[in-house]
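Right, one structure below, let's go through it.
The values are calculated or read from the model by the stated rules, or taken from the named source; none is laboratory data. Keep in mind that what you see is a predicted model, and the values were worked out from it rather than measured. FYI the Cβ positions are ideal-geometry reconstructions off the backbone, even for glycines, and counts take in every protein chain you see. Quick note on the areas: whole protein, heavy atoms, side chains included, nothing else; ligands and nucleic acids left out. Shrake-Rupley method; radii C 1.70, N 1.55, O 1.52, S 1.80 Å.
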Amino acid sequence: GQTKRLIEVLWEPLAVAALNQSIDSAAAASFLSVLERMFSGDPRGAALALPLKPLDELYAHPARAYIEQRGGTVQTNAVARVEWAGDAGGSGSSGSGLRVRVRDEVMTAASVICAVPWHALSDVFPDHPPVLRPVLEAAAHTEASPIVTVNLWFDRVVTEQTLVGLPGRTLQWVFDKRAVFGEQASHLSLVSSGAEEVVARSNEELIALAVKEVCDAIPAARSAALVRGVVVREKRASFSVAPGQPPRPSTRTGVPGLFLAGDWIDTGLPATIEGAVVSGHIAASLAAPEGP
């Protein structure tokens with residue numbers, strides 16, 4: 001019962017931003033879950049927060065510091081493989097039968113939390129334990145939804161707004177990155193979520209499209225000169241939430257001591273940071289039920 005204009009300026013931008021998929025193909029259930037969290041309970045659930053620093057400085061660096069300050073170790077650029085000895089119980093002192101191989105190092109643990117993206121899950125378990133095959137097959141058959149970001153640098157400031165919506169256009173949002181990076185001239189990031197129709201276009205086509213859509217929406221950009229343009233494609237930015245996709249797994253697996261986390265885990269939320277956080281809390285509570 002919504003009007004075409006209201007769908008264009010409210011429901012579609014909100015749904016595409018949350019689901020990273022066109023409302024013509026995404027299932028409604030995930031969007032309803034988002035709306036429920038936004039508009040019930042704490043009013044802060046509907047607040048719009050814009051980070052003033054890169055996300056790795058907000059999340060990754062503090063998380064690493066927290067772990068290392070408590071005697072833990074964080075390894076980056078280190079491919080990990082998880083092995084399970086099955087019902088034999090394994091040779092590890094933990095007795096779980098779980099071993100993690102990182103380069104030439106083999107670690108045993110009572111609990112292992114695997115938080116890789118769905119499309120990398122199969123690589124983590126090279127032996128494909130039979131008990132995990134339904135999850136691995138679901139991951140292998142889950143389709144992806146891409147995001148395209150076009151970064152534009154102009155020779156002057158073209159907007160004082162940190163965030164500008166572009167309803168009805170191919171690139172749905174404009175973020176002014178000056179506050180994040182401390183730049184003087186305009187650095188605009190234009191984002192196209194659910195970008196199946198444009199992800200294969202050339203860099204030149206995408207930059208030209210971004211400039212056109214900025215100039216159509218922001219009059220000050222029409223007299224500015226484009227200094228630089230950079231295109232970033234994330235072809236597997238998120239998993240598809242279209243009807244008919246394989247079921248998403250729960251945190252607990254059929255392997256004792258092995259838990260799954262990440263935005264693909266079935267929390268009722270789509271592929272969002274919030275969903276990853278929810279699954280992380282669930283995995284932590286199962287891995288260490290007594291707390292730290």
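Yes or no: P270 closer than 23 Å to P134 by Cα, open to solvent by less than 50 Å² (accessible area, probe 1.4 Å), touching a residue at least 60 places away in the same chain (Cβ under 8 Å) and within 18 Å of the chain's Cα centre (by Cα)?
Yes: the conditions hold for P270.
Any idea which of (1) open to solvent by 30 Å² or more (accessible area, probe 1.4 Å); (2) at pLDDT below 95 is the one R233 doesn't satisfy?
(2)
Being in contact with a Gly (Cβ under 9 Å, 6 or more places away or on another chain) and either closer than 30 Å to F125 by Cα or touching a residue at least 24 places away in the same chain (Cβ under 8 Å) (or both): is that true of G262 here?
Values: in contact with a Gly (Cβ under 9 Å, 6 or more places away or on another chain): yes; either closer than 30 Å to F125 by Cα or touching a residue at least 24 places away in the same chain (Cβ under 8 Å) (or both): yes.
Yes, satisfied.
Determine which single condition T162 fails, assuming it passes every other condition in (1) farther than 30 Å from I265 by Cβ; (2) in contact (Cβ under 8 Å) with a residue 40 or more places away in the chain; (3) open to solvent by less than 50 Å² (accessible area, probe 1.4 Å).
So T162 meets the others, but not (3).
Looking at V124 and the list (1) more than 20 Å from A284 (Cβ to Cβ); (2) at pLDDT 95 or above; (3) touching a strand residue (DSSP E or B) at 6+ places or on another chain (Cβ under 6 Å), which single condition is not satisfied?
The single condition V124 does not satisfy is (1).
Just name the residue that is nearest to A17 (Cα to Cα) out of those in segment 239-256 that are in contact (Cβ under 8 Å) with a residue 24 or more places away in the chain and out of contact with any helix residue (DSSP H, G or I) (no Cβ under 8 Å at 6 or more places or on another chain). Let's see the steps before the verdict.
Going residue by residue through segment 239-256, those that are in contact (Cβ under 8 Å) with a residue 24 or more places away in the chain are 239-243, 245-249, 251-256.
Imposing the further condition that a residue be out of contact with any helix residue (DSSP H, G or I) (no Cβ under 8 Å at 6 or more places or on another chain) reduces the set to 240, 242-243, 245, 256.
On the way: S240: 13, A242: 15, P243: 18, Q245: 20, P256: 37 Å.
Once the filter is applied, the top-ranked residue is S240.
Restricting the search to segment 134-167, which residues are under 16 Å from L258 (Cβ atoms) and modelled with pLDDT under 95?
None; the set is empty.
Only one of V214, V241 is on the phi < 0 side of the Ramachandran plot, open to solvent by less than 30 Å² (accessible area, probe 1.4 Å) and not in a helix (DSSP H, G or I); which? Before the answer, list the steps.
On the way: V214 fails: not in a helix (DSSP H, G or I).
Testing whether each residue is on the phi < 0 side of the Ramachandran plot, open to solvent by less than 30 Å² (accessible area, probe 1.4 Å) and not in a helix (DSSP H, G or I) leaves just V241.
I'm trying to understand the selection: among the residues of segment 1-42, which are open to solvent by 70 Å² or more (accessible area, probe 1.4 Å) and assigned to a helix (DSSP H, G or I)?
Within segment 1-42, K4, R5, L10, W11, A29, L32, E36, R37, F39 meet the criteria.
Among what's in segment 118-159 and is of a type in the set (S, T, Y) and within 23 Å of the chain's Cα centre (by Cα), pick the residue that is least open to solvent (accessible area, probe 1.4 Å).
Step one: filter segment 118-159 for residues of a type in the set (S, T, Y), giving 122, 142, 145, 149, 159.
This time we only want the ones that are within 23 Å of the chain's Cα centre (by Cα), so: 122, 142, 145, 149.
Numbers: S122: 41, T142: 16, S145: 0, T149: 22 Å².
The selected residue is S145.
Checking the conditions here, which among A221, A225 is over 30 Å from A109 (Cβ atoms), touching a residue at least 60 places away in the same chain (Cβ under 8 Å) and touching a helix residue (DSSP H, G or I) at 6+ places or on another chain (Cβ under 6 Å)?
Details: A225 fails: touching a helix residue (DSSP H, G or I) at 6+ places or on another chain (Cβ under 6 Å).
Sole residue among the options that is over 30 Å from A109 (Cβ atoms), touching a residue at least 60 places away in the same chain (Cβ under 8 Å) and touching a helix residue (DSSP H, G or I) at 6+ places or on another chain (Cβ under 6 Å): A221.
From the set of residues in segment 165-202 that are over 23 Å from the mean Cα position of the chain (by Cα) and of a type in the set (S, T, N, Q), which is surrounded by the most Cβ atoms within 10 Å (Cβ to Cβ)?
That would be S186.
Among the residues of segment 56-112, which ones are at pLDDT 90 or above, exposed (fewer than 12 other Cβ atoms within 10 Å of the Cβ) and hydroxyl-bearing (S, T, Y)?
Y66, T73, T76
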